[in-house]
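Colleague: Before I ask anything, let me first share the structure, which is written out below as structure tokens.
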Amino acid sequence: MSEIKKEWPLWEVFIRSKQGLSHKHVGSLRAADAKMAIENARDVYTRRSEGISIWVVESVNVHASNPTEQGPMFEPSDDKVYRHPTFYEVPEGVGHM
Amino acid sequence: MFNFVAMQVENDVKQMEEQFQAKIDADIRIEPRDWMPEKYRKTLIRQMSQHAHSEVVGMLPEANWITRAPSLRRKVALLAKVQDEAGHGLYLYSACETLGADREETIDDLHSGKAKYSSIFNYPTITWADIGAIGWLVDGAAIVNQVALQKTSYGPYARAMVKICKEESFHQRQGYEIITVLANGTPAQKAMAQDALNRWWWPSLMMFGPTDADSPNTQQSMAWRIKRHTNDELRQMFIDATVKQAEVAGLTIPDKDLKWNEERGHYDFGEIDWEEFYNVIKGNGPCNKQRIEARRKAKEEGMWVREAAMAYAEKQKSKVKAA
Amino acid sequence: MNKELYEYVLRMGDDSLILGQRLGEWCGHGPILEEDIALTNVALDILGQARILMDYAGKLTNKKEDEVAFLREEWDYKNVLLVEQPNGDFAKTILRQFFFDAFRLPFFKELQNSKDETLSGLALKAVKETTYHLQHSSNWVIRLGDGTDESHQRLKTALEELWMFTGELFYADEVDTKLVNEGIAVDLNKIKPIWDAKVSEVFAQAKLQIPEESWMQKGGRKGKHTEHLGFLLSEMQYMQRAYPGCEW
Ligand SMILES: [Fe+2]
Ligand SMILES: [Fe+2]
Ligand SMILES: [Fe+2]
């Protein structure tokens, strides 16, 4: 038999707290496989009905941006105000849009 | 030439340290992949893992009464509470993993005696009232500390604390409820409650750690906002909040020097037996060996289970690949 | 009072109570934190069911939930022998749980149609809980059965110990006959084939063989227990016995 890895891999857990919201990262846990990771996430992170949907991703598969490149990565969009609704004026009578 | 490079590196580090401290001073959270001083990282791992160990070892004295809880309502509440503590341990180990501290290694440090955990869990739970006293005093003391830590500078730690504090809110209440029901019960029940308070009061005060004069790392931890109040400040907050609760329950706090100090606006209290504290930390508490033994046994006896799950997972993976 | 109904509620309630008590012993000692938490979730669901049933049995006899749960003699507990068996290692606990869950899920599904509203209400909630329990215990039986040599061997040993206690899950007598006719109880003859099919399905994946030995123990439903129950009860009843008549 091939050698067994000692420790269960680490998984990142994302939970949708209610319909209409996106999944949010809540923490991590250890599990042998994806099925178990989802079960464990349900038992560990939704003991008080915190969620209706769970995503798990093995932590080694999460690729992150480098924080020292925060400038080039995110600042260019800071001045694209036209992407934000408050950039546009709407006559008072129309109410909320 | 060599010296010049070394100096350059030193300057860079100094500059990064200054930027780092400026972020902390501006209350900007540090996230896992951000640059941080090595000592900050080490101190954090130590503090978070100690905290995680305390949650998990802390399950044992209370779990001791699950099978003997006096009513079904108490049994399920206690079970849910101890389970929460397992969850807290897990959240904190998970926070440690964000800094690359592998859980298994972290736990091995606990089992080998290298890592510490809260000294309070080395005291025995000998009556049902101890379950009340732990919820009321020990969780009460923990909450004082944890509420402050919700604003700690390290993001994953702060977020874990927010979750933990939300869950803790029922722990102290269920403990205090147990105590007040006993205090208002038969003479035997009341005696049981008072006895538990007598035994748990002083160890609870020790939970906040040595006096400020004797905790040399406090200064740096405060500057890094890993700690948001000193040990003595937190201890005083806890005492001030608890005295009234004991009064309402009709129980006497076992400290003849305890009295309100108008000038300070706080309660004065008696001398803590620090010799006992240091001995319990060193391993000489009544239950140190028993607690670590129980955790080690759980890990050892669980090994074949973890291996089996891993072997099964790998077989499934290779089946998928082969197909 | 409907004597048969009381008996029926006790049988169901004691199954939950005693198994919940056993699972509670694991808390703080599980093979890994995640599983410690998972097992406790199962225990909490099952004890929740026990509370509803103890409360109901109490209403039928003018007693309080805790009087029913804690203050009976050993021969008045009506759980199946399976649930009082000691936890043993994780393989034994999980296999015991699997046998029980595989019984309880179809049982509760049927009980949802009971004419007794307390029971059908309980069943409605319990079906959801038990669906998850069965999934959890099945997955583990498969993992252990098809994991390592050691886990397979341990599971086999557990099977040898527990198999003879599975027959009693389908024990039925005049209590059942009367209540089935009244539309209150579940006809266990309907449950047995579903249980058999589930066990075969999971055992196939776990590479386990159903034992040939067919001699089955019984007695629990009539209050005749194994030696294990006495110790379980002396722990569980300790406070109520030592301090009679107190509030907690
Ligand atoms: Fe705690
Ligand atoms: Fe906690
Ligand atoms: Fe707590």
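Every number here is computed from the coordinates shown, using simple stated rules; none is lab data. On a predicted model such as this, the values are computed, not experimentally measured, just so you know. Methodologically, a virtual Cβ is constructed for each residue, glycine included, from the backbone with ideal geometry; neighbour enumeration extends over all protein chains shown.
Colleague: In nm, to one decimal, how far is the C:Lys190 label point from the B:Lys282 one, both placed 7 Å along Cα→Cβ?
Modeller: In this crude spin-label approximation the distance works out to 7.0 nm.
Colleague: With the dipole of the protein assembly as shown worked out from charges on the C-beta (+1 for Lys and Arg, -1 for Asp and Glu) around the Cα centre, which of B:Tyr123, A:Ser65, A:Ala34 lies farthest toward the positive end?
Modeller: Comparing the listed Cα positions along the dipole, A:Ala34 ranks first.
Colleague: Would you mind working out the magnitude of the charge dipole of region A:10-64 relative to its Cα centre, with +1 at each Lys and Arg C-beta and -1 at each Asp and Glu C-beta, to the nearest 20 Debye?
Modeller: On the way: 8 positive and 6 negative charges, 54 e Å.
Rounded to the nearest 20 debye, it is 260 debye.
Colleague: Got a sec? Charge dipole of the protein assembly as shown, +1 on Cβ for Lys and Arg, -1 for Asp and Glu; which of C:His152, B:Tyr157, C:Val199 is way out at the positive end?
Modeller: Checked the options; the winner is C:Val199.
Colleague: Something else now. Give the aspartates and glutamates reachable from B:Lys259 as a straight Cα distance under 12 Å; neighbours fewer than 8 places away on the same chain don't count.
Modeller: Result set, ordered by chain and number: B:Asp240, B:Asp268.
Colleague: A further question follows. Round to the nearest 0.05 the FRET efficiency obtained for B:Gln219 and A:Ala34 when R0 = 51 Å and r is the Cβ-Cβ distance.
Modeller: Working: r = 46 Å, r/R0 = 0.90.
With R0 = 51 Å, the Cβ-Cβ based efficiency is 0.65.
Colleague: So what's the gap between the Cα centers of region B:133-181 and region B:68-129, to the nearest angstrom?
Modeller: First find each Cα centre; the distance between them is then 13 Å.
Colleague: Now for a separate question. Which of the trypsin sites (Lys or Arg not before Pro) found in region B:220-261 are loop residues per DSSP with 12 or fewer other Cβ atoms within 10 Å of their Cβ? Please report the intermediate quantities before stating the final value.
Modeller: Details: sites: B:Arg225, B:Lys227, B:Arg228, B:Arg235, B:Lys244, B:Lys256, B:Lys259; in loops: B:Arg225, B:Lys227, B:Arg228, B:Lys256.
Filter output for region B:220-261: B:Lys256.
Colleague: Further, regarding this structure: By how many degrees, between 0 and 90 and to the nearest 10, does the Cα long axis of helix C:117-145 differ from the longest principal axis of chain C?
Modeller: 20 degrees
Colleague: On to the next question. Arrange the following residues from fewest to most other Cβ atoms within 10 Å of their Cβ: C:Met12, B:Met36. If you can, show how the numbers build up before the last one.
Modeller: Numbers: C:Met12 27, B:Met36 22.
So the ranking, lowest neighbour count to highest, is B:Met36, C:Met12.
Colleague: Moving on to the next point. Using a simple charge model, +1 on the beta-carbon of Lys and Arg, -1 on the beta-carbon of Asp and Glu, nothing else, what dipole does chain B show about its Cα centre, in debye to the nearest 20?
Modeller: Numbers: 43 positive and 45 negative charges, 288 e Å.
Its charge dipole is roughly 1380 debye.
Colleague: Let me ask something else about it. Quick one: compute the contact order of region A:10-64, relative version, from alpha carbon pairs under 8 angstrom and 6+ residues apart, as a percent.
Modeller: 46 percent
Colleague: While we're here: For chain C, what is the charge dipole size about the Cα centre, in debye to the nearest 20, if Lys and Arg each add +1 at the Cβ and Asp and Glu each add -1 at the Cβ?
Modeller: Working: 29 positive and 41 negative charges, 87 e Å.
Value, rounded to 20: 420 debye.
Colleague: Using only Cα atoms, locate the centre of region C:146-206 and the centre of region C:48-88, then give the distance between them in Å, rounded to an integer.
Modeller: A separation of 21 Å, based on Cα centres.
Colleague: Skipping prolines and chain starts, which residues have an amide H placed within reach, meaning under 5 Å, of the one on B:His266, given they are 5 or more residues away or on another chain?
Modeller: The answer is B:Asn261.
Colleague: Still on this structure, please answer the following. Greater than 20 Å separation of Cα atoms is the criterion. Which listed pairs, A:Lys6/B:Lys317; C:Lys109/C:Lys190; B:Lys116/B:Lys256; B:Lys299/C:Lys207; C:Lys59/C:Lys218, meet it?
Modeller: Values: A:Lys6/B:Lys317 17 Å; C:Lys109/C:Lys190 11 Å; B:Lys116/B:Lys256 32 Å; B:Lys299/C:Lys207 27 Å; C:Lys59/C:Lys218 28 Å.
Checking Cα-Cα distances, B:Lys116/B:Lys256; B:Lys299/C:Lys207; C:Lys59/C:Lys218 exceed 20 Å.
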